[in-house]
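What follows is a short report on a single structure.
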Amino acid sequence: MITELGHFALILAFMVAIVQTVVPLIGAHKRWPSWMAVAEPAANAQFLLTAFSFGALMWAFIVSDFSLQLVTLNSHSAKPMLYKISGTWGNHEGSMLLWVLIVALFGAMAAWFGGNLPPTLKARVLSVQAAIGVAFFAFIIFTSNPFIRLAVPPFDGQDLNPLLQDPGLAFHPPFLYLGYVGLSMAFSFAVAALIEGRVDAAWGRWVRPWTLAAWVFLTIGIALGSWWAYYELGWGGFWFWDPVENASFMPWLLAAALLHSAIVVEKRESLKSWTILLAILAFGFSLIGTFIVRSGLLTSVHAFANDPERGVFILMIMGFFMGGALILFAFRAGAMEARGVFGVVSRESALVANNLLLAVSCFVVFVGTMWPLVAEMFFDRKLSVGPPFFNMAFSPFMLVLGILLPIGSAMPWKRAHIARALRPLRYVFVLALAIGGLAYAMQSGRSLLGPIGLFLAAWIVMGTIIDFIQRAGRGPDRWARILRLPRADWGKMVAHAGVGVTMMGVCGIMAWQYEDIRVAQFGEPYEVGRYTITLDKVSNYEGPNFLSTTGYITLAQDGREIAQLKPEKRIYPVAQMPTTEAAIDYDLFRDVYVVIGDEQANGGWAVRTYIKPLTNWIWIGSGLMSLGGLLSLSDRRFRVAAGARRKDKSAAPVPAE
């Protein structure tokens, strides 16, 4: 009965979304307050109905209702409760219901916190947001219904994909979708502004919190996915330039560019057209990611579905929203005149450079991701674009971005003197060079990647801190003024430092990783780098819904035991699928990563060992970036519609063309 009510609530939410799309949009055009007022209660009703529908589906997974086809295909009665719950979104249909729930949530939040928005803009934003919901409600109801019943329910289910039965993957999709779908609000604000014909400083202030929130969630989601791939897949890597990884990374890059571009709109009323375009493209790349994951066009370990018909439907959604928004942009962009004038050397120019580097790097990732498909379709050639291409094509842009980051932050608005701006950073630059040089001198026969990473990390982190301290000025009460600086300034410092820390971790693991593969005999120690490893025994045991072969390994250094590692190979009988569970001895400056392989015919077991320097700095940096975003988001100046009180009297609506 609950699932039938959930299905009914889904259909009712679809109908409410249609009303929310049409009525407020007409009301805003006609200036009818009563029609515009429909948007807010409709957004609330849409969210509540969708939440009930999603809750009904989750309840079916919790109680193992195998009369529901989706539960049968993606759950099992012996599965731990966490994975029963995460099974709700660990499949195509359930994940799409989560997607549309988040669309409705962001629309409801705009209704809750957008009280100071101009009534016409608020009505149009909620209308555009509802239109996105209409498209995905239709997609779910007509192609991906999660509430299909089975005439003859089975005794038990077919289990969830074992790779998804992991805490990292349980929380990875919700955070990723909050980022993906959160960018829909920036898109809605952009399209609403184009319809209204007005983009000013207040609009820049309004759009920033939504973009920042989406960027933070996307950062957390990507970090969780990277961490999961690192310890779960047994390959020992944190990033593989997989098409689905790239699908989440591209919107992240554009969202970062949009954040910085919106600052220029707010502070200087420049880059209006470019900021609107970024808002459209950021959500557009989220739709591209959805298409990649669910169309079967590109294969990936992360893909949810392999259905061309569903892919065509998503392609139509993408074409409608992207095509419509870009056509509207073409008509309106010329009328969005920039007001602020700035010099070649200024913070505005630094932010333009930041935008260009992020946008071009996103384009590089897009080309590398889609080129195999293009080559097969138009040249009848099967190509594989892997890490070597991405590392060589993408890394130079990040190198330049890292060098420019502290310099741009130190520059004043409108016009800057480069010598004066760089004066506080000169000692930091020398110290960063010294750190990189020391790393180069200490290594032998290695690439420059590690020293460059340490140089960049030191330059970004120390440069960011110096810039932050400079904001408090001089005097005996400087430190007291530092504590009173706005949380947005604290957030900027923490997030930028996180970028440097992440770069250090990435460069460290890529440059200095050490790998050892051998057949280990019981009780016979062997050396891997500075560590001694001994395979003590291998035993089998039965878990809640899997069979495990576990190795017991002693890790020692300088004759002293430092860890007992238990790498596993698991078999999930229901799904008939093996997984690898790496054993990792975590440390701030290195990981010892051990994977147990197969038993050998002549005795012993295959054991793969990696020494991974600075790996954990990747997650620390990601955490700092997310924390910095949250600190900025908590600043009262960045709350939704906080800038609405500061209206620009001189900004007149742009006439329609």
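Taken together, the values in this text are just the output of simple stated rules run on the coordinates, not laboratory data. Keep in mind the model is a prediction, meaning the values are calculated, not measured. Virtual Cβ from ideal backbone geometry, glycine too; neighbours counted across all protein chains shown.
When the alpha carbon gyration tensor of segment 38-79 is reduced to an equivalent ellipsoid, its three semi-axes come out at 30, 8, 6 angstrom, largest first. With a simple spin-label model that places each label point 7 Å from the Cα along the Cα-to-Cβ direction, the separation between residue 44 and residue 517 comes to 6.1 nm.
Using the beta-carbon distance between residue 404 and residue 480 and R0 = 25 Å, what value does 1/(1 + (r/R0)^6) give for FRET efficiency, to the nearest 0.05? So the FRET efficiency works out to roughly 0.20.
Only one of (1) 87, 80, 44; (2) 82, 74, 56; (3) 100, 72, 54 was calculated from the structure for Cα extents along the principal axes in Å, and its label is (2). Taking only the Cα atoms of segment 49-112, the ratio Rg/Rh comes out at 1.04, with Rh defined as the Kirkwood radius.
Over all pairs of different C-alpha atoms in segment 352-457, the reciprocal of the mean inverse distance, the Kirkwood hydrodynamic radius, equals 16.7 Å.
Placing +1 on each Lys and Arg Cβ and -1 on each Asp and Glu Cβ, with no other charges, gives the chain a dipole about its Cα centre of roughly 3440 debye.
Short-range pairs are left out: with C-alpha atoms under 8 Å and at least six residues apart, the relative contact order of the chain is 13 percent. Given their separation in residues at 0.36 nm each and the Cα-Cα distance between them, residue 536 and residue 1 gain 187.2 nm when the chain is fully extended.
Each part reduced to its alpha carbon centroid, segment 421-496 and segment 1-59 end up 49 Å apart.
In this Cβ point-charge picture (+1 for Lys and Arg, -1 for Asp and Glu), segment 402-509 has a dipole of about 480 debye about its Cα centre. Based on Cα contacts under 8 Å between residues 6+ apart, segment 402-509 shows a relative contact order of 32 percent. Each principal axis of the Cα cloud of segment 514-613 was evaluated for its coordinate range; sorted largest first, these ranges are 44, 34, 20 Å. Rg then Dmax, both in Å and based on the Cα atoms of segment 1-165: 17.9, 59. Under the simplified labelling scheme, the residue 443-residue 422 pair shows an inter-label distance of 2.6 nm, with each label point 7 Å from Cα along Cα→Cβ.
Evaluated at q = 0.12, 0.17 Å⁻¹, a Debye calculation over the C-alpha positions of segment 334-403 (equal weights, vacuum) places log10 I(q)/I(0) at -0.51, -0.75. Which of the listed residues, 510, 495, 449, is farthest toward the dipole's positive end in segment 406-511, when Lys, Arg count +1 and Asp, Glu count -1 at the beta-carbon? Positive-most Cα among the choices belongs to 495. Protection proxy ranking of 186-196, 312-322, by the mean of other Cβ atoms within 10 Å over each peptide's residues and highest first, is 186-196, 312-322. Across segment 1-132, the mean sequence separation of Cα contacts (distance under 8 Å, 6 or more residues apart), normalised by length, yields a relative contact order of 35 percent. Here the extension length gained between residue 470 and residue 379 equals 27.1 nm, from 0.36 nm per residue of separation less the Cα-Cα distance. Using a simple spin-label model with pseudo-atoms 7 Å out from Cα toward Cβ, residue 561 and residue 138 lie 6.5 nm apart. P(r) tail, segment 421-473: Cα-Cα pairs separated by more than 19 Å, 32% of all pairs.
Here segment 85-243 is described by how far its Cα atoms reach on the three principal axes: 56, 45, 25 Å, from widest to narrowest.
Remark on segment 402-509: Rg and Dmax equal 15.3, 50 Å (Cα only).
With the highest mean first, a sort of the peptides 544-556, 260-272 on other beta-carbon atoms found within 10 angstrom per residue produces 260-272, 544-556. For segment 1-105, with only Lys/Arg (+1) and Asp/Glu (-1) charged at the beta-carbon, what is the dipole magnitude about the Cα centre, in debye rounded to 20? Once rounded to the nearest 20, the dipole reads 220 debye. Ranked by the mean number of other Cβ atoms within 10 Å of their residues, highest first, the peptides 404-412, 241-249, 417-425, 174-182 fall in the order 174-182, 241-249, 404-412, 417-425. Between the listed residues 157, 167, 129, the Cα displaced farthest toward the positive end of the dipole of the chain, a dipole computed from Cβ unit charges relative to the Cα centre, is found at 129.
With K and R counted +1 and D and E -1, the other residues having a Cβ less than 15 Å from that of residue 84 yield a net charge of -3. Our estimate of slack between residue 145 and residue 113, defined as 0.36 nm per intervening residue step minus the Cα-Cα distance, is 8.3 nm.
Semi-axes of the equivalent ellipsoid for segment 167-267, computed as √(5λ) from the eigenvalues of its C-alpha gyration tensor and ordered from largest down, come to 32, 12, 10 Å.
When the charge dipole of segment 1-165 is built from unit charges on Cβ atoms (+1 for Lys and Arg, -1 for Asp and Glu) and taken about the Cα centre, the candidate among 70, 34, 3 whose Cα reaches farthest toward its positive end is 34. Placing R0 at 25 angstrom, the Cβ-Cβ distance between residue 392 and residue 363 gives a FRET efficiency of 0.95 after rounding to 0.05.
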